[in-house]
Amino acid sequence: MNSINNVEYLKNLVESKYKVNKTEVIDQYQMSFEVDKDEVHRLLTELKLEGWKQLSYLSAIDWLEDNEFELVYILFNWDRPVHIQIRARLDRENPVMNSILPIFPGCKYYEREAHEFFGIKFPGNPDYEKQLVLEEWDDMPPLRKDFDPQAYSDKKFPVRKYSNDFVELNNQESKKEKRENRYKKILNVGKRGRK
């Protein structure tokens, strides 16, 4: 079956059984379906039974203006080579999504990462609160758009003042003059040929 038929098959499969808020055919190998968060588990289960057995990735997008996060699950089927994005919006003030661990056991670390970087909770995953990358992190999740890296840095690290003319030579003579002379010779070679 060719990829165009795969896209049509997938579109019919999903749209005939689920309330889809938005469908997007990205290209002949990628499709995206936005559904309500209550539909995600049922849809992922059906897609897995239909051959989309590989959870390639799970991440989130912070839509600060909308006060929402968007979870993005990316699935792949080796028999029908089409990547599927299943997207669902969550309230940013209380971002909670039940874990998909019973459907895709490999999501364990993806959910931990989404919790660590965005603050999304995944009840049902016993390890989602364990730190994965950011050891001893004690501030708001750093991939939220309202995270201020400058304020964090100012709070955590001593302020350093640098002058523009600061040069550390480690008791060596400056090589600046030698570099400038070499550069002049290089420019002259192009004008007059080699000496």
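What you get for the chain, charging only the Cβ of Lys and Arg (+1) and of Asp and Glu (-1), is a dipole of about 2000 debye around the Cα centre.
Under the criterion of Cα pairs below 8 Å and six or more residues apart, the relative contact order for the chain equals 14 percent.
If packing is taken as the average count of other Cβ atoms within 10 Å, what order do 52-63, 146-157, 121-132 fall into, highest mean first?
On the way: 52-63: 17.6, 146-157: 10.4, 121-132: 15.7.
The densest-packed peptide leads the list: 52-63, 121-132, 146-157.
Comparing Cα centroids, region 87-101 and region 18-80 end up 13 angstrom apart. Taking a straight Cα-Cα cut-off under 16 Å and skipping sequence neighbours fewer than 8 places away in the same chain, the lysines within cross-link reach of residue 108 are 53, 121, 130. If you plug the beta carbon distance of residue 96 and residue 66 into 1/(1 + (r/R0)^6) with R0 = 25 Å, you get a FRET efficiency near 0.90. Oblate is the label for the chain, because a/c, from the alpha-carbon gyration tensor with a ≥ b ≥ c as root eigenvalues, is 1.5 or above and a/b does not exceed b/c.
Taking other Cβ atoms within 10 Å as a rough exposure proxy, 144, 182 sort from fewest to most as 182, 144. Remark: the residue 160-residue 188 segment gains 5.9 nm on full extension, using 0.36 nm per residue and subtracting the alpha carbon distance.
Work out how much length residue 131 to residue 29 would gain on full extension: take 0.36 nm times their residue separation and subtract the Cα-Cα distance, in nm to one decimal. Let's see the in-between values first.
On the way: separation 102, 0.36 × 102 = 36.72 nm, distance 3.44 nm.
Length difference between fully extended and current span is 33.3 nm.
Here the label points at residue 19 and residue 37, each 7 Å from Cα along the C-beta direction, are separated by 1.5 nm in the simple model. Across region 57-67, rounded Karplus estimates of 3J(HN,Hα) from the backbone phi angles (6.51 cos²θ - 1.76 cosθ + 1.60, θ = phi - 60°) give 6, 9, 8, 9, 10, 9, 9, 4, 5, 8, 6 Hz, Gly and Pro being marked x. Farthest towards the positive end of the charge dipole of region 3-157, among the residues 12, 123, 104, is the Cα of 12, using unit charges on the Cβ of Lys, Arg, Asp and Glu.
Laboratory data are not the source of any read-out in this text; all were calculated from the coordinates shown. No experiment lies behind these values; they were computed from the predicted model shown. Don't worry about glycine lacking a Cβ; one is built from the backbone with ideal geometry, like all the others, and counts go over all protein chains shown.
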